[in-house]
Amino acid sequence: MSNRYEMRFAGSGGQGVILASVIMAEAAVIAGLKTVQSQAYGPEARGGVSKAETVVSKEQIWYSKVTLPNFLLALTQASLNTYTKTLAEGAVVMMDDSLDCPAYLDPGRVIAIPILRTAKEKVGKAFTANIVAVGAINAALQLFTDEELMEAVKRHIPAGTEEINRKALDAGKELITPEQAAAFVHHLG
Amino acid sequence: MSKAVLMQGNEAAVEGAIAAGMRVFAGYPITPSTEIAEQSSLRLPQVGGHFIQMEDEISSIAAVLGASAAGVKAMTATSGPGFSLMQENLGYGAMAEIPCVIVDVQRAGPSTGLPTSPAQADYMQARWGTHGDHPVIALSPSSVLETYTLIIRAFNLSEKYRTPVIFLMDEIVGHMREGVELPNPNNLIINQRKPSFHDGANKQCYYVPDGQYVPAMKPFGRGERYNITGLAHDESGFPTNNTQVAGKLVSRLLAKVEDNVDDIVRVEEYAMDDAETAIVCFGGTTRAVMSAVLEARAAGKKVGMFRPITVWPFPEKQLKARLPQLRNILMAEHNHGQMLLEVQRIVNDGTPVSFLGKVDGTVITPAEILAKLQEMEV
Amino acid sequence: MPSNLIHQYMRIDHLPHIWCPGCGNGVIMRDVAVALDELINDPDSDFDRDNIVIVSGIGCSSRAAGYLDFNSIHTTHGRAIAFATGIKMANPKLHVVVLTGDGDCSAIGGNHLIHAARRNLGLTVICFNNDIYGMTGGQYSPTTPTGDKATTAPYGNLDRPFDIALLAAGAGASFAARGDVFHARETTAIIKQAMLHKGFSLVDVYSVCPTYYGRKNKKGDAVEMLKWQRDNLIPMNRFNVMTPEDLAGKKPIGILAENDFPEYSEEYQKLIDRCQAKK
């Protein structure tokens, strides 16, 4: 299972973490990689814990679920606390910087950035937080090209919203420093 | 750029059904099948078909049977609770020989259970859910692409044998997204309805020539009036209390499937040639089993996978053929042991059968399968 | 005329029917056949023998589908309207006529009735309403009057009854009417109008069941029961001019609701046209 790259996206219902997960999977398809995407959710459409998973590999993926994620995105304190308990060794945790980082995490593997604030203030729409996150994730991990990622976004947004989503992607990308990009780049096995 | 697109299992069910010629969908929303209704409502008017949201699952399958009797391939989709509500009319479809496809995206039960969590506990309901002796064909896909191709086969079998076909999905496959490259529609084999015999010598609408099993189907409104009923009926389609005629009818309905298992049954095997241990699984469980088999093989263990694609009738002949080489069998499924009963029946105490199941809505992991193999001293 | 009608529109191989002597169902079946005959022979209507589908559920009423020589489907208990919905959606050119009973359409099938009325898909529902479950031997139905006896109401029925025509109208049916067995000519005309109506139409036809309902409730024989209909079910034109005193305990027969609402399959065709134009 070493060639699998397992990603988990967690937040509260309505934050769009499932769409973030779907867009990463779509980008993988566009890039010619294998991928399986799935999600778990409760009865709430808004609020409640929402969890989505994307597995990416160069090879056929059998088991479709994430067991020990190599990457975690957490947008709420509850999801951060819950899902940092089961991580692969050396996993990267991306969290909104408004959250308290659990002490047991290796600070060298944590990317704490203002995803929610950037969406609200810089992009101007709080609901673009998931796209900001997607931009930041790919800037750090560099799994896909910018073009592949933008195409993936386009396939999952309403027509006429390309500009604001491009703005969100770019804003997310800018949250990652060159040092972080160098430290977190992932090459699929 | 790859030609593949990211597609959800439930979405693939609709695309496959439309490719197979489905032009009426009648359904009622229920998690985790709802995307099938949603996608049908979006896609059907684009291809000149009709989507209708009915008031419940009972009317959904009734409308599907009505549409099919009127000459249009039709489908409904539901999950366990709704599937239970459909059972009476499912039997009607079998008795009146009206083709249709019923998708059951299984979730954890019983009752309302865990609506968003996976299970495979409708396996026996698919076989024995309706009352009375009746034929059943049920197919179960394990990937998004297979959902597309297999649902086409579900329609084809339904038309060929004039019987409802159950498409037994589970939440794992229904809600999973994978990159798929759909086959060229021109390369698909689609069974259209057989022409009617009515133009020939015999005008009986349920007339079956000697040596055949299935009467030709005449849709309503094409110039030859006939009667359909769920009562025991003779070849004219009218009710009868003649026990000989009734017995002959039910026997023929059962024989349609029993005598044609070689045509109906499909199995996928992986690494079975030299396997001493077979892991039997179906649907979404296959994903964890395949991961486990690959790891076990990497560790030098002679483990293979045996997956019924046709889950009803169970691939008895195919499993029996493997028994001489097997030291043991592991049945892995998301229930308390339903397909297990079929495996045990076939093995008949000849080979030890172990079981790994789940009833809590969680997904069986490869690690759990490997641990079970260890416990079995594989 | 009657024997000609029987030869032309009934499956004589499957007669005699199973209904008891004195049962009103045969009269209603005849009304349906006459209405269809008139429509088939009307050069302005597109009714023909082969584009008519008779759908029935389960119960005494529902055996009529097998006797009428059209495309016919005898379905499961309560589900005739749901089957009919699928037939009409699959082929909106078909004229779909549902023959049902009070139990079939307002108890076990009540949910389908109200939703079909609301949807306004072009089906015609003829309810053979005999106030009782006849096929199973005389249990009370949703139209059995309060206090009346049945095999499951040996001390008198505690339930309050439905008025099926008003129920359909209340659920939004664009055509709801009431008829009866005694006023066969009027009822035939109402049925014909229902069949011509664009949209969902229902005719609640009061039948008589002397064998179970009549005997249990000392209503006399079939003739007595028909006399009751004569005296208590009043064609609308007379009903409208009667004094309140004369109307006590009486009900009108005729069209109770008639509206020009959009018909579902036509609306759906517009949707198909819109979707296909976009492509």
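The values are calculated or read from the model by the stated rules, or taken from the named source; none is laboratory data. Quick caveat: nothing in here was measured; it's all calculated off a predicted structure. Ideal geometry is used to build each Cβ from the backbone, glycine not excepted, and the neighbour counts take in all protein chains shown.
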Open item on the list: Under 7 Å between Cβ atoms, which residue pairs at least 6 apart in sequence (or on different chains) link something in the range A:45-59 that is at positive phi with a partner that is hydroxyl-bearing (S, T, Y)?
Closed with: A:G47/A:S12; A:G48/A:S12
TODO: Go over the candidates B:P215, B:P183, B:P141, B:P239 one by one and state the one that is under 30 Å from A:G32 (Cβ atoms) and away from chain A (no Cβ under 14 Å).
DONE: B:P183
TODO: Check every one of the helices (runs of 4 or more DSSP H) wholly within the range C:168-279 and list those with 3 or more residues that are more than 20 Å from C:L113 (Cβ to Cβ) and in contact with an Asp or Glu (Cβ under 8 Å, 6 or more places away or on another chain).
DONE: C:184-196
Task: Number of positions in the range C:75-112 that are in contact with a Phe, Trp or Tyr (Cβ under 6 Å, 6 or more places away or on another chain) and either without any contact (Cβ under 8 Å) to a residue 40 or more places away in the chain or at the interface with chain B (Cβ under 7 Å from one of its Cβ atoms) (or both) - done: 2
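Yes or no, residue by residue, for (1) of a type in the set (D, E); (2) in contact (Cβ under 8 Å) with a residue 60 or more places away in the chain; (3) surrounded by fewer than 17 Cβ atoms within 10 Å (Cβ to Cβ):
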| residue | (1), (2), (3) |
| --- | --- |
| A:V92 | no, yes, no |
| A:P107 | no, no, yes |
| A:L116 | no, no, no |
| A:N138 | no, yes, no |
| A:F144 | no, yes, no |
| A:A159 | no, no, yes |
TODO: Run down A:Y41, A:Y104, A:Y5 and say which single residue is more than 12 Å from the chain's Cα centre (by Cα) and at the interface with another protein chain (Cβ under 10 Å from one of its Cβ atoms).
DONE: A:Y41
TODO: Can you tell me which residue among B:A108, B:A119 is buried (at least 24 other Cβ atoms within 10 Å of the Cβ), small (G, A, S), more than 13 Å from every other protein chain (Cβ to nearest Cβ) and in contact (Cβ under 8 Å) with a residue 40 or more places away in the chain?
DONE: B:A119
- [ ] Kindly check whether there is at least one residue in the range A:76-83 that is surrounded by 20 or more Cβ atoms within 10 Å (Cβ to Cβ), away from chain B (no Cβ under 14 Å) and without any contact (Cβ under 8 Å) to a residue 24 or more places away in the chain.
- [x] no
Open item on the list: I'd like the residue in the range B:44-71 that is more than 16 Å from C:M89 (Cα to Cα) and of a type outside the set (V, I, T) and, out of all such residues, is surrounded by the fewest Cβ atoms within 10 Å (Cβ to Cβ).
Closed with: B:D56
TODO: Residues being under 19 Å from C:A90 (Cα atoms) and touching a residue at least 60 places away in the same chain (Cβ under 8 Å): count how many of those fall in the range B:16-35.
DONE: 5
TODO: Output the number of residues of the range C:148-161 satisfying the condition of being under 19 Å from C:C20 (Cβ atoms) and buried (at least 17 other Cβ atoms within 10 Å of the Cβ).
DONE: 3
- [ ] Take the residues in the range B:72-89 that are surrounded by fewer than 24 Cβ atoms within 10 Å (Cβ to Cβ) and over 28 Å from A:Q39 (Cα atoms), then tell me which one is nearest to the other protein chains (Cβ to nearest Cβ).
- [x] B:V72
Task: Residues of the range A:103-148 satisfying the condition of being assigned to a loop (DSSP other than H, G, I, E, B), among the hydroxyl-bearing types (S, T, Y) and farther than 19 Å from A:F71 by Cβ - done: none
Task: Residues located in the range B:302-340, provided they are surrounded by fewer than 19 Cβ atoms within 10 Å (Cβ to Cβ) and either farther than 30 Å from B:A255 by Cβ or of a type in the set (A, V, I, L, M) (or both) - done: B:K302, B:A321, B:L323, B:Q325, B:R327, B:N328, B:H336
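Rundown of residues vs (1) touching an Asp or Glu at 6+ places or on another chain (Cβ under 7 Å); (2) under 19 Å from A:G14 (Cβ atoms); (3) buried (at least 19 other Cβ atoms within 10 Å of the Cβ), yes/no style:
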position: A:P102; (1), (2), (3): no, no, no
position: A:V123; (1), (2), (3): no, yes, yes
position: A:K173; (1), (2), (3): no, no, yes
position: A:A183; (1), (2), (3): no, no, no
Task: Some residue of the range C:164-183 being modelled with pLDDT of 95 or more, within 15 Å of the chain's Cα centre (by Cα) and surrounded by fewer than 18 Cβ atoms within 10 Å (Cβ to Cβ) - done: yes
Open item on the list: Take the residues in the range B:109-141 that are within 12 Å of the chain's Cα centre (by Cα) and polar (S, T, N, Q); name whichever of them is nearest to B:G337 (Cα to Cα).
Closed with: B:Q125
Open item on the list: Residues that are within 17 Å of C:S201 (Cα to Cα) and under 17 Å from the mean Cα position of the chain (by Cα): list the strands (runs of 3 or more DSSP E) wholly contained in the range C:33-121 that include at least 1 such residues.
Closed with: C:52-56, C:95-101
Task: Among residues of the range C:116-147, those that are under 27 Å from C:G170 (Cα atoms) and surrounded by fewer than 19 Cβ atoms within 10 Å (Cβ to Cβ), counted - done: 5
Open item on the list: Here are the criteria: (1) within 14 Å of chain B (Cβ to nearest Cβ); (2) in contact with a strand residue (DSSP E or B) (Cβ under 6 Å, 6 or more places away or on another chain); (3) free of Cβ contacts under 8 Å to residues at least 60 places away in the same chain. Tell me which single one A:V66 does not satisfy.
Closed with: (3)
- [ ] Could you run through the range B:1-35 and say how many residues are modelled with pLDDT of 95 or more and among the basic types (K, R)?
- [x] 1
Task: The listed residue being without any contact (Cβ under 8 Å) to a residue 40 or more places away in the chain, farther than 30 Å from B:K3 by Cβ and either outside the structural domain of B:G66 (by TED's automatic domain parsing) or among the small types (G, A, S) (or both), out of B:G211, B:G221, B:G113, B:G129 - done: B:G211
Task: strands (runs of 3 or more DSSP E) completely within the range A:1-102 that count 3 or more residues being under 25 Å from B:R107 (Cβ atoms) - done: A:5-12, A:34-41, A:49-57
TODO: Could you grab me the full set of residues in the range B:335-378 that are under 23 Å from A:L68 (Cα atoms) and of a type in the set (A, V, I, L, M)?
DONE: B:L356, B:V359, B:V363, B:I364, B:A367, B:I369, B:L370, B:A371, B:L373
- [ ] Inspect the range B:240-254 for any residue being assigned by TED's automatic domain parsing to the domain that holds B:Y206, part of a loop (DSSP other than H, G, I, E, B) and of a type in the set (G, A, S) and give the result as yes or no.
- [x] no
Open item on the list: Just to be sure I understand, how many residues within the range B:355-378 are in a loop (DSSP other than H, G, I, E, B), more than 13 Å from chain A (Cβ to nearest Cβ) and buried (at least 21 other Cβ atoms within 10 Å of the Cβ)?
Closed with: 0
